[in-house]
Amino acid sequence: MKIKEVPQDGVILESSGVRDVCYAVDENGNYTQVISVGWEPKNDAINFAWEAINEECEQIKAEVNAGTLSPLAYHMHRLVMTPAILADYSGFSKREIKKFCEPGFFSKLKYDDLLKLADALKIGVEQLISVD
Amino acid sequence: MELNFVHKPSGHCENGVVSNLLRFYGVEMSEAMVFGLGSGLFFSHMPFYKMHGMAITSFRPLPGDIFSRVVKLLGIKMKRFKFRDKDKAMSKLDEVLLKGIPVGILVGVYHLPYFPKEYRFHFNAHNICVIGKEGDQYIVSDPVVVDKCRLSSNELKLVRFASGTYPPKGRMYYISDFKGIKPVNEGMVRKAILKNCNRMLKIPLPMFGVEGIRYLAKRMRKWVSFFGEKKAALNLAQVIRMLEEIGTGGAGFRFMYAAFLQEASIMLNEPRLNILSAELTAIGDQWRDFSYNAARLFKKRDAEVATYDQLADKLMVIADREEKLFRELEKVIRDAQ
């Protein structure tokens, strides 16, 4: 990659302090470091992953509204949490987290348990119990 | 308090922390040299080891390997810790820091407040350096950020104990004795290059090294039939994200290693290394080309997008070129010994 080819596709990084330090060659073929604010294929790959997550979230939202999944399932997916990871952060077991994704179990949760889950997800309880 | 620590951004977090730590102890070493001495150029595609439900593809060794190898070569002594107790982890950090010692730590990026939200997946092999503390705020040097950052003790505790694949478990490390440090010499560079060739050519498992690139190509041809169109595209996107892994220019560290070979060429007075550097640059450009075409596939941008088969073909060409390069590199180094 030549210095003038170093990409500056900043759609994701520009509003942060994160930058890519790239290695590129000058006219004499010697390597030097060049700061890049981003690269389109990588931006595309990241955005593609998030779009897929968002689509899946919409499907889960529909299931929550239909009463087949609890709002926890929606928030977990939106926040890319798996049952194992949320179990680790919240102190519940993986089995319990999976049960809480069922509306029947979720609706019976005490406030303290909801708070534990919400804290682990870094959202408020009011947000946890709804999908709006 | 803040240590007199020069925060220099770098392409890769582990190299960057090593390079910045060495500078603190008076050793100026480029990131490329750290990478080279750490035999950092690699490839692996591991369908059995998943992140977000999909195979991990890596273009460098296991987290920590580069650091270990460099430290061993240079004759530096390090201390490493892992913790079950979060508070113990924080008090040990404070204890070392207050002695005037900068501390490298492993963190998960999911809860890193200064990372853009798009980057916040459960990736846990990120290295940063703690270089100061003021009140409840820690001053950190994160090589992928242009300026120094600050984290509260709660924020730091959270990222040091992030959950997910390969959790950091409060890991921290620091240089405990650099009196025995040896200056970089030819012998070290040769040894490191040979080790790198070994890793790319001689691991007797199909998922690693040059064979790993072919293995990925083979699997890629079957992704649509294994996973369906959507998941196949997501798999491809994950490969691209791991290829880039913060600042490789899309070449999976090939450009960085080429920069190292240029330095090595001067140090060893071996012009053939410069030629191999140029070849590796060309290979890096082929990885970029692969990524551009892959992105067009999963975005379905044009009618003329490459197919998974065609992308796999590109990988096979890259694999052949890398094999040839590493065999020549090995020969050049052995010849000169």
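Quick notes on this structure:
- For the options A:Ala73, A:Ala45, A:Ala24, a Gaussian network treatment of chain A with springs between C-alpha atoms closer than 10 Å singles out A:Ala24 as fluctuating the most.
- Estimated FRET transfer efficiency when R0 is 45 angstrom, pair B:Leu98-A:Ile35 (beta carbons, to 0.05): 0.85
- All Cα-Cα separations within the stretch B:1-126 were binned at 10 Å from zero, giving a P(r) of 11, 35, 39, 14, 1, each value a whole percent of the pairs.
- Theoretical FRET efficiency, 1/(1+(r/R0)^6), r = Cβ-Cβ of B:Ser91 and B:Gln310, R0 60 Å, to 0.05: 0.60
- Calculated log₁₀ intensity ratio I(q)/I(0) where the Debye formula runs over C-alpha points of the stretch B:92-247, q = 0.11, 0.13, 0.16 Å⁻¹: -0.67, -0.88, -1.08
- Computed E for A:Glu51/B:Lys218 - FRET, C-beta separation, R0 30 angstrom, nearest 0.05: 0.60
- Rg over Rh [alpha-carbon atoms, Kirkwood Rh] for the stretch B:227-337: 1.08
- In sequence order, calculated HN-Hα J values of the stretch B:254-264 (Karplus, 6.51, -1.76, 1.60; Hz; x Gly/Pro): 5, 5, 4, 5, 5, 5, 4, 4, 5, 5, 5
- Peptide B:107-120 - average C-beta neighbours from other chains (10 Å radius): 3
- P(r) tail fraction, the stretch B:1-55 - alpha-carbon pairs more than 13 Å apart, %: 65
- Spin-label pair A:Asn28-B:Leu194: with each label point 7 Å from Cα along the Cα-Cβ axis, the two points sit 3.2 nm from one another.
- Semi-axes of the equivalent ellipsoid for the protein assembly as shown, Cα gyration tensor, largest first, Å: 38, 30, 18
- Per principal axis, descending, Cα span of chain B in whole Å: 58, 50, 32
- Expressed as a fraction of 2.2 N^0.38 Å, the value expected for a compact globular protein of N residues, the C-alpha radius of gyration of the stretch A:66-132 is 0.95.
- Distance in nm between pseudo-label sites at B:Lys331 and B:Asn293 (7 Å out along the Cβ direction from Cα): 2.8
- Expressed as a fraction of 2.2 N^0.38 Å, the C-alpha radius of gyration for the stretch B:53-96 is 1.62.
- Taking only the C-alpha atoms of the stretch A:12-132, Rg followed by Dmax gives 20.4, 70 Å.
- Of the residues B:Gly228, B:Gly38, B:Gly75, the one that moves most in a GNM of chain B with alpha-carbon contacts below 10 Å is B:Gly228.
- DSSP beta bridges fully contained in the protein assembly as shown are about 95 percent antiparallel.
- Taken over the Cα atoms of the stretch B:172-230, the convex hull encloses 169 Å³ per residue.
- Long-range HN-HN contacts of B:Tyr49 with modeled amide H, under 5 Å: B:Ile56
- A simple rule links phi to the HN-Hα coupling: the Karplus curve 6.51 cos²θ - 1.76 cosθ + 1.60 with θ = phi - 60°, which for the stretch A:86-103 gives 5, 4, 4, 6, 9, x, 7, 7, 4, 5, 5, 4, 5, 5, 5, 6, 8, x Hz, with x for Gly and Pro.
Readers should treat all values here as calculations from the given coordinates under stated rules, not as data from a laboratory. Quick caveat: nothing in here was measured; it's all calculated off a predicted structure. Here Cβ is always computed from backbone atoms with ideal geometry, including for glycine, and neighbour counts include all displayed protein chains.
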